[in-house]
Amino acid sequence: QWNDALNHAIGAWEGLPGGVSIAPDSATTINDLDIGDYTSTSDTRCGYWQPRTGEDYLRLNGHFFSRYGTNDKRACMTHEWGHAHGLAHSYVNQVMDPCPVSWCTSPPSPTTPQDHDRSDYAYLW
């Protein structure tokens with residue numbers, strides 16, 4: 001249920017000028033980012049990114065994520081992938097909006113980095 005959203009997020013961020021790749025895990029590398037899921041009805045987030053010593057976590061809340069349409073899945077994953085690149089929350093109508101899915105935003109959330117997202121990314125990388 002995540003592949004389309006994950007591939008979209010990777011292309012959205014890593015396709016930017018100077019894009020930084022988060023390399024996939026292999027037998028000869030150390031995993032920097034572990035993607036998984038959890039299920040919670042009390043946690044209203046679509047997911048979260050958690051920095052850790054060594055391997056960071058990107059977790060998607062299956063309770064919500066599995067019910068989303070394509071746009072919200074892509075918006076959520078692209079948002080969390082932005083956190084994995086070091087970006088913080090920003091402004092409404094940006095991918096890094098604190099609430100990146102349509103139930104809490106109007107119009108529907110963007111699924112690609114917007115002007116402010118791109119400038120923050122360029123500043124970091």
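Of all the strands (runs of 3 or more DSSP E) wholly in the stretch 23-125, which have at least 1 residues that are hydrophobic (A, V, I, L, M, F, W, C) and open to solvent by 50 Å² or more (accessible area, probe 1.4 Å)?
Output list reads 33-38, 47-50.
Sort out which residues of the stretch 40-53 are under 22 Å from SER21 (Cβ atoms) and out of contact with any helix residue (DSSP H, G or I) (no Cβ under 8 Å at 6 or more places or on another chain), and write them in order of number.
Once the filter is applied, which keeps residues that are under 22 Å from SER21 (Cβ atoms) and out of contact with any helix residue (DSSP H, G or I) (no Cβ under 8 Å at 6 or more places or on another chain), the stretch 40-53 yields GLN50, PRO51, ARG52, THR53.
Quick check on my filter: what residues within the stretch 57-113 are without any contact (Cβ under 8 Å) to a residue 24 or more places away in the chain and of a type in the set (S, T, N, Q)?
ASN93, GLN94, THR105, SER106
Filter the stretch 2-22 down to residues that are over 16 Å from THR111 (Cβ atoms) and in contact (Cβ under 8 Å) with a residue 60 or more places away in the chain and give me whichever is most open to solvent (accessible area, probe 1.4 Å).
Applying the filter and picking the extreme gives PRO17.
Within the stretch 116-125, how many residues are free of Cβ contacts under 8 Å to residues at least 12 places away in the same chain and not aromatic (Phe, Trp, Tyr)?
Count: 1.
Just checking, which of ASP56, ASP72, ASP37 is under 20 Å from TRP125 (Cα atoms), touching a helix residue (DSSP H, G or I) at 6+ places or on another chain (Cβ under 7 Å) and among the acidic types (Asp, Glu)?
ASP56
Inspect the stretch 72-91 for any residue being modelled with pLDDT of 90 or more and among the hydroxyl-bearing types (Ser, Thr, Tyr) and give the result as yes or no.
There is at least one residue in the stretch 72-91 that is modelled with pLDDT of 90 or more and among the hydroxyl-bearing types (Ser, Thr, Tyr).
Report, ordered by the first and then the second residue, all pairs with beta carbons closer than 7 Å, sequence separation of six or more or different chains, a first member in the stretch 32-54 that is more than 20 Å from CYS104 (Cβ to Cβ), and a second member that is of a type in the set (A, V, I, L, M).
Qualifying pairs under 7 Å: ASP32/ILE22; LEU33/ILE22; LEU33/LEU58; LEU33/ALA84; ILE35/LEU58; ASP37/LEU60.
The values are calculated or read from the model by the stated rules, or taken from the named source; none is laboratory data. Just so you know, these numbers come straight off a predicted model, no measurement behind them. In this analysis, Cβ positions are derived from the backbone assuming ideal geometry, glycine residues included, and neighbour counts consider all displayed protein chains. Surface areas here come from the heavy atoms of the whole protein model, side chains and all, with no ligands, DNA or RNA. Shrake-Rupley method; radii C 1.70, N 1.55, O 1.52, S 1.80 Å.
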